[in-house]
Structure formats: C-alpha cells, structure tokens
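Reading through the structure tokens given below for one structure.
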Amino acid sequence: MNTKSMGHVLSFCAAIALSASLGACQTQPVMSQPTMPNTNILDNNATHKQSVKVGDTFSIQVRSNPTTGYRWQLAEPFDKARLEKISNTYQADANPNRLVGVGGTEIWTFKALKSGDAHIQLRYLRSWEAQEPPAQVANYQIQIR
C-alpha cells in the first residue's frame, strides 16, 4: 500500500472514530419543571420531603424495571384537592448493546393546586400479585406554600 492510500485509510478511520465518540456524548433531556432528586429506593417505607409553591409542577423519579413485571403504582387515596397527577412516563436507560432486561426511570409528574400538606405514596408491585405486599414503598411528604 502506498503512502497516499495509507493516508486515506487513516483519515477514514479517524473520521469513524470521531463520529462514534460524538454519538456517545448525547445528553439526556432536561425537564423545565422543578424536579425532585432521582431517588433510588433501597429501603421500604422511605420518606422524602419536598416543598413546592402553588402552581408548581414537579416530578418524582424512581428507578424501575418493567421487564420484571414490577411497576410503580400510585396508592389511593392521595389529596386530589391539593395535587393533580399530570403524567406517569417511563424512560429506558441507554442500551447501546440492546441487552434484555435493562431498567430505567419512571417519572411521575404532579401539579400543586392548593397550599397545605399532601402525601404521595408509590408502591412497586406486580399487578397480578394483588395479595402480595409491594416489593418497595416510597412515601413523599409535599409541603405546598
């Protein structure tokens, strides 16, 4: 292989390497609402406290892996006079190798409607195991100002 051909091969390899490294630097979407810290629940009955203002939209983020059959469910009742549930979405973790069973984050979004104290309880369970206790319970005390 002559020097000119070798230079083209090296340039091509450098361009591929640069393209791959830039692809790995993608950023996660940023939420514009106040967000509670991403909570990795390790113990049952963990309680988290958060203060928000009337009219604020806020999110609770909890680790989840629906491939196991478990999902977070909102325990009823919760104070619908003070809080409105806006959405519940799931965001899978990055999985460039397309592995089976990779988890992600469930994002529960609420809007504060009226001042006072409210309680949100999330339960991590399988819907078909209604008689079994949840694998995890997360409690959130929300102070609305």
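Per-structure values
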read-out: Enumeration of residues in region 58-80 that are assigned to a strand (DSSP E or B), of a type in the set (Ser, Thr, Tyr) and open to solvent by 40 Å² or more (accessible area, probe 1.4 Å); value: Tyr70
read-out: Checklist (1) modelled with pLDDT under 90; (2) more than 27 Å from Ser127 (Cβ to Cβ); (3) open to solvent by 80 Å² or more (accessible area, probe 1.4 Å) applied to Asn45, failing item; value: (2)
read-out: Test: residue in region 87-106 that is open to solvent by 60 Å² or more (accessible area, probe 1.4 Å), closer than 15 Å to Val52 by Cα and not in a loop (DSSP other than H, G, I, E, B); value: no
read-out: Cβ pairs under 6 Å, 6+ apart, first in region 99-128 and touching a residue at least 12 places away in the same chain (Cβ under 8 Å) and closer than 20 Å to Thr57 by Cβ, second assigned to a strand (DSSP E or B) and of a type in the set (Asp, Glu); value: Lys111/Glu84; Leu113/Glu84
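The values are calculated or read from the model by the stated rules, or taken from the named source; none is laboratory data. Since this is a predicted model, take the numbers as computed values, not measurements. Positions of Cβ are generated from backbone atoms using ideal geometry, with glycine treated the same way; all protein chains shown enter the neighbour counts. The accessibility values were calculated without ligands, DNA or RNA, using every heavy atom of the protein model including side chains. Shrake-Rupley method; radii C 1.70, N 1.55, O 1.52, S 1.80 Å.
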